[in-house]
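Q: Next up is a structure, given as structure tokens.
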Amino acid sequence: MILAVNYIISRRATVSITVVRLLYAFLFILCCVLLSACSEPSELDSSNKLHLHTGQVMGTWYSVKYLPPSNAERSVDDINTEIHAKLARIDLLMSTYKATSEVSRFNAVEPGVWFDLSPQTYEVIELAQDISAKTLGAFDISVARLVDLWGFGPEQRAHHIPDADQLKQVLTEVGYENLKLHGSQLKVQKKTPLHIDLSAIAKGFGVDQVADYLDRIGVESFLVEVGGEIRTRGMKPNGQPWRVAIESPATGQRGVHSVVNVTDLALATSGDYRNYFEENGQRFSHTIDPKTGAPITHNLASVTVISSTAAEADALATAFSVMGPDQAMAYAKAYNVSTYLIVKEREGFVGKASEAFLAVTRDKL
Ligand code: FAD
């Protein structure tokens, strides 16, 4: 969640919220690019042959830095067009912000009806269900209507604590075990009138789709980033590893907390520090605990996960945000997950790295 924006803005200004969020996202990407440029001044020179392609998709920005393949089969224009097409396709299939997307159409069907899915959406839902089972429901795509009730979804309701009875009713419908998949036929069915929300996994899946494409066409060095979820391949042309900034969770600032090396890996961050509202002195973030139906309340400000795929890193980062610092670290230890938690302590923000994280980043945190 590195790029989501603080939502303490009037909900009447729907268009400006998106514009402000895009602006923040763009500025942060620019910061990351400049950070990399500062550490290696030649990085953005034309002599090093790295190509930078940026664009907008899924309500946020994406950027792809890559070394064009030496064979002349495809021009960079062809590659950029294909990258955008892959991401736009995922947006069209999985957005809850588009009434005609596959996910929105599934959300509109009655319980008990089998619904046909594209291979991509099936793959994302299947992975989501797997992660839900492994995290004992901390990650759960069936939270969509709760997300809306708290004002963080596409319905753009005003931010306020929802009516308790309404919350209780919606909570009875939520639960990943209320979704049934039919593997051989690529179908899904719901047992309750739940809605699904792939916001915490589909951006990562988009990164993976682009990374897999670049691998297929022989690109040996790249960094793909969509709304803060990242995957890299190889070393940069100057022989240095790809370095990625973890954003500081300090409210009202956009700074870098630390920088990690991530070569041939994916990295995703989730946090409560940009997308939230405050009422009666309490902060309510967009990460919902599926068990209580309410936004998380603990002191875990930011979670970064490193994994082989961005989809998994993306989903696990949200799951860890729900679990809180102790449970998340225990899970990371038990399942050897690379994670870096930023916890808000009395003395300020404290970073806590799992052993697996220290091992993969070989870094100076
Ligand atoms: P993450 O931490 O990655 O995800 C948090 C989000 O996941 C929450 O906002 C909520 O939606 C969901 N969530 C909350 N709790 C849980 C839980 N326990 N388990 C699982 N999921 C949970 N935004 C726009 O403003 N306009 C758009 O047009 C738009 N289109 C999109 C299209 C697609 C296909 C996707 C995937 C997202 C789109 N978004 C859009 C949303 C936006 O870009 C981000 O994906 C969203 O804000 C969350 O990403 P994040 O990195 O901030 O947070």
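Q: Given a 1.4 angstrom probe, what's the average accessible area per residue across the range 94-190, in square angstrom?
A: Value for the range 94-190: 45 Å² per residue.
Q: Let me ask something else about it. Suppose accessible area is computed on protein heavy atoms with a 1.4 Å probe; arrange Tyr176, Tyr62, Tyr331, Tyr97 from highest to lowest.
A: The ordering from most to least exposed comes out as Tyr97, Tyr176, Tyr331, Tyr62.
Q: If you don't mind, another one. Which sequence of Lys291, Lys134 reflects their accessible areas, 1.4 Å probe, from the largest down?
A: Lys291, Lys134
Q: Could you work out how far the C-alpha centroid of the range 313-365 sits from that of the range 50-125, in angstrom?
A: 29 Å
Q: Please work out whether the range 187-230 counts as rounded, prolate or oblate from its C-alpha gyration tensor, where a ≥ b ≥ c are the square roots of the eigenvalues and a/c under 1.5 means rounded, while otherwise a/b larger than b/c means prolate and anything else oblate?
A: It comes out oblate by the Cα gyration axes.
Q: Okay, next question. Between the DSSP loop rule and a limit of at most 13 other Cβ atoms within 10 Å, which GluC sites (Glu not before Pro) in the range 275-342 are left?
A: Those that pass, being in a loop and sparsely packed, number zero.
Q: Within 10 Å, count the other beta carbons around each residue, average over each peptide in 348-360, 204-216, 79-91, and list them highest first.
A: 204-216, 79-91, 348-360
Q: May I ask for the Rg/Rh ratio of the range 160-226, computed from Cα atoms with Rh as the Kirkwood radius, given to two decimals?
A: 1.19
The values are calculated or read from the model by the stated rules, or taken from the named source; none is laboratory data. If you're wondering where the values come from, they're calculated on a predicted model, not measured in any experiment. Ideal geometry is used to build each Cβ from the backbone, glycine not excepted, and the neighbour counts take in all protein chains shown. Ligands, DNA and RNA are stripped out before the accessible areas are found, and what is left, the full protein with its side chains, is counted by its heavy atoms. Shrake-Rupley method; radii C 1.70, N 1.55, O 1.52, S 1.80 Å.
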